[in-house]
Amino acid sequence: MEAFLTQRRIDRERIERADREAKLAIEDERAARIAKTERLRAQRLLAEPPVANPAPAKCRRAAWKKPARKIIEVE
């Protein structure tokens, strides 16, 4: 028995069409997301009164350091 390896038939047009449709769907989702972000940003800016002098940023506390180990000398 001889094994004939045939190449799988690939429908390139179908794959390309699916790629185009997927890219269009992704682009539509991106545009919708950007529009929603802009809408929410505009709402937030309208809800917040503009602050003439914004409060200064709080200073961060210094990092906590471990206390030094005590050295006990034994005679």
> Relative to the longest principal axis of the chain, what angle (0 to 90°, nearest 10) does the C-alpha long axis of helix 12-47 take?
Replying inline: 30 degrees
> Between ARG33 and ARG9, what is the spin-label point distance in nm, taking each point 7 Å from the Cα along the Cα→C-beta axis?
Replying inline: 3.9 nm
> Where a Cα-Cα gap under 18 Å defines reach, which aspartates and glutamates qualify for LYS36, not counting those fewer than 8 residues away within the same chain?
Replying inline: GLU27, ASP28
>> If you filter the range 36-72 for trypsin sites (Lys or Arg not before Pro), then keep DSSP loop positions with at most 12 other Cβ within 10 Å, what is left?
In response: LYS58, ARG60, ARG61, LYS65, ARG69, LYS70
> Viscosity 1.567 mPa s, temperature 4 °C: Stokes-Einstein D of the chain from its Kirkwood Cα radius, in µm² per second?
Replying inline: 61 µm²/s
> What is the gain in length, in nm to one decimal, between LYS65 and GLN43 on full extension, counting 0.36 nm per residue of separation less the C-alpha to C-alpha distance?
Replying inline: 3.5 nm
> About its Cα centre, how strong a charge dipole does the range 8-47 have in debye, to the nearest 20, once Lys and Arg get +1 and Asp and Glu get -1 at the Cβ?
Replying inline: 140 debye
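The numbers here are math on the coordinates, done by the rules we state, and not lab data. The structure displayed is predicted, hence computed values, not measured ones. Don't worry about glycine lacking a Cβ; one is built from the backbone with ideal geometry, like all the others, and counts go over all protein chains shown.
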